[in-house]
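For reference, the structure is listed below as structure tokens.
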Amino acid sequence: MTLAEILAGVFPQGHSVTVRDGLVTGGCPFAGDKTLHVVGVDGDTPLGVDGALVLSRAVLDAVRAGDKAPILVVVDSDSQRMSRRDELLGLNECLAHLAKALLLADRSGHPTIGLIYGHSAAGAFIATALATRVLAALPGANPSVMDLPSVARVTKLPLDKLQEMAKSTPVFAPGLDNMVATGAVHVVLDPAKPLDGQIRDLIADLQPGDDRDRLGEERGGRPVARGIGEAVIAHAGRL
């Protein structure tokens, strides 16, 4: 689905969400008179310093509005912008700022829902989709934390070996199915059904905290992460 189709499905009565230089911002009434804020990246656009700051401001403006309205983060991005300028201006800090803005919004009473419908990778994926409390996807989405050729360069392992390992080890493998298996993607939506109802149900069913480790354990993609996390928390409580 395209962003235009998604927005038409989420806001069947019309919307004022805009896209400028690949950056998505706006908000419209949703489920009655309550607003649904929308931010994100469209068109496989790389996320650089300028984009991260624009989106951070939009999120923080929503928090300042004080309406406790949910925030939908739509994602079809490239990775972070690979440029000398962005690196020198502190791209890592700007991406972290965006992720923290989304976490602040959620903890301030604005439920955050990610929706990945295209590509996304690396820092751009982490700072947008993975920074939301619940992440949904549409069929055809192609997320990855790092593609296998990049993993091969970092680990010095042969690409064919990594491709074989990826068949049984979802935790580092790219692709929607692997992200579902690890619990990173909570649910894959049905494009044949009304999107507004599915988004509304996601918001209504949100639970406190982050349950990605539980989902990863139940789905077999991260079988030990939950136990290790609980052991670390228990040990820290004894210090």
Next on the checklist: If Pro170 meets every condition in (1) touching a Ser or Thr at 6+ places or on another chain (Cβ under 6 Å); (2) at pLDDT 95 or above apart from one, which number is that one?
Outcome noted: (2)
Item to check | Residue list for the range 110-134, restricted to those being in contact with a Pro (Cβ under 8 Å, 6 or more places away or on another chain) and part of a helix (DSSP H, G or I) | outcome: Ala124, Phe125, Ala129
Checklist outcome for this item: Residue set Val73, Val49, Val63; condition in contact (Cβ under 8 Å) with a residue 12 or more places away in the chain and within 25 Å of Met1 (Cβ to Cβ); output residue Val73
Item to check | Flag for Gln207 being surrounded by 12 or more Cβ atoms within 10 Å (Cβ to Cβ) and either within 13 Å of Leu135 (Cα to Cα) or under 20 Å from the mean Cα position of the chain (by Cα) (or both) | outcome: no
Next on the checklist: On the basis of being closer than 24 Å to Val185 by Cα, in contact (Cβ under 8 Å) with a residue 60 or more places away in the chain, of a type outside the set (Phe, Trp, Tyr) and in a helix (DSSP H, G or I), does Gly9 make the cut?
Outcome noted: yes
Checklist entry - Just one of the numbered conditions (1) assigned to a loop (DSSP other than H, G, I, E, B); (2) surrounded by fewer than 19 Cβ atoms within 10 Å (Cβ to Cβ) is not true of Asp201; which one? => result (1)
Checklist outcome for this item: Subset of the range 153-186, residues in a helix (DSSP H, G or I) and surrounded by fewer than 16 Cβ atoms within 10 Å (Cβ to Cβ), comes to Arg153, Val154, Thr155, Leu159, Asp160, Lys161, Gln163, Glu164, Met165, Asp177
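The values are calculated or read from the model by the stated rules, or taken from the named source; none is laboratory data. Fair warning: this is a prediction, and the values are worked out from it, not measured in the lab. Quick reminder, even Gly has a Cβ in these numbers, built from the backbone with ideal geometry, and neighbours come from all protein chains shown.
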